[in-house]
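A short write-up of the structure that comes next.
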Amino acid sequence: MQVNWESIIQATYEKVKDLDDKGVVASYIPELVHVNPDSFGVHLSTIDHIQYGVGHFDVKFSIQSIAKVLSLSLAYQIVGDKIWTRLGVEPSGTAFNSLVQLEADKGIPRNPFINAGAIVISDILLSHLKNPKDDFLSFIRSIANNPELDYSSRIAASEKSAGFLNVALCNFIKSFGNIHNDPSDVLDFYFDLCSLEMSCRELSELFLFLANNGRHLSTNKPILTSSQCKRVNALMQTCGFYDESGEFAFKVGLPGKSGVGGGIVAVHPNQYTIAVWSPKLNGKGNSYKGMRFLEAFTTESQLSIF
């Protein structure tokens, strides 16, 4: 089916951009409050090399929890299926920063995308990488063909100044023996990876390997096996949107991941990736306009995985 991507994205953007935005910018990370709350950008990248962006698609923003997909991908590449001895693959049923589930499950986080799960992934990477921050950044830059991608020291410092609950999570998991390194080192790495900054264009290009069966689009080099790629996409489908993952699957019908910086990236296997950014969040911690845009976009294009 020939799709007029430009027409669909432009029409959907115009429909959504003037909606009364009922969201609120995340304030528990102090630095995020300073972002322009009216920013709104969209960028699509297809596996047959079509690119189209609208609005603030070239403005960098803090991708926050979207980075958890990338840290999972690198850890999965390194240790393979052994990763699942330390993590579950189920929706959490509790808030993304909840301590409750960890006690019941004896320190095994329910999935890699809640904070506890991403902290365990950070611990795995710390154990296997010689220079974790540099090596993780090199991994991302190589996938993106973009040497300019970087952490934000400003946002990382802001997170470290206010991340008391994450400190509690890490130490609680450590008490069950599921953190192998010093918690302060694990948290330092975790806060840095969440501080990554990208634009919608950079984000949609970076995630193309998950639309391309785990392979780099330009070189065809495997980043994940096809089986691993399928499983990462499945986890995004079921766990990528905190307590709104079912709603996203129901209304949008794509694997995806959100972050409290207001970004969302979604993947249509064998077709495209699309990134949306609007900083105001709904009550579940997901971009209000981003969710509305993607629902309208898959309805208009008639292209979801269902």
Structure shown: which of Lys68/Lys130; Lys133/Lys280; Lys68/Lys289; Lys82/Lys251 lie over 27 Å apart, alpha-carbon to alpha-carbon? Lys133/Lys280; Lys82/Lys251
State the answer as a single residue: which of Val24, Met198, Val59 lies farthest towards the positive end of the charge dipole of the chain, with beta carbon charges of +1 for Lys and Arg and -1 for Asp and Glu, about the Cα centre. Met198
Report, by chain and number, residues whose modeled amide H sits under 5 Å from the one on Ile223, excluding near sequence neighbours (fewer than 5 apart, same chain). Arg215, His216
So how do Ile140, Ile119 line up by other beta-carbon neighbours within 10 Å, fewest first? Ile140, Ile119
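If each DSSP helix of 4+ residues adds -39,500 (n - 2.57) and the sum is divided by the residues in the chain, what number results at 222 nm, nearest 500 deg cm²/dmol?
Calculated mean residue ellipticity at 222 nm is -13500 deg cm²/dmol.
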Derived scalar couplings ³J(HN,Hα) [the range 278-290; Karplus, 6.51 cos²θ - 1.76 cosθ + 1.60; whole Hz; x for Gly, Pro]: 8, x, 6, 9, 7, x, 9, x, 10, 4, 4, 6, x
With +1 on the Cβ of every Lys and Arg and -1 on the Cβ of every Asp and Glu, and nothing else charged, how large is the dipole of the chain about its Cα centre, in debye rounded to the nearest 20? 540
May I ask you to derive the relative contact order of the chain, considering only C-alpha pairs under 8 Å and at least 6 residues apart, and to give it as an integer percent? 28
Likely footprinting exposure, Asp48, Asp192, fewest C-beta neighbours within 10 Å first: Asp48, Asp192
Hz values of 3J(HN,Hα) by residue in the range 24-31 - Karplus curve (6.51, -1.76, 1.60), Gly and Pro given as x: 9, 5, 4, 10, 6, 9, x, 5
With θ set to phi - 60°, apply the Karplus curve 6.51 cos²θ - 1.76 cosθ + 1.60 along the range 217-226 and write out the HN-Hα couplings as whole Hz, x wherever there is a Gly or Pro. 5, 7, 9, 6, 6, x, 9, 10, 5, 4
Nonlocal amide H pairs with Val25, under 5 Å, H built at 1.01 Å: Leu281
So how do Ile83, Ile274 line up by other beta-carbon neighbours within 10 Å, fewest first? Ile83, Ile274
Helix 153-162 vs. the chain, principal-axis angle (Cα, 0 to 90°, nearest 10): 60
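Each value in this text was obtained by applying a stated rule to the coordinates, not by laboratory testing. Since the model is a prediction, treat every value here as computed from it, not as a measurement. We place every Cβ from the backbone using ideal geometry, glycine too, and count neighbours over all the protein chains shown.
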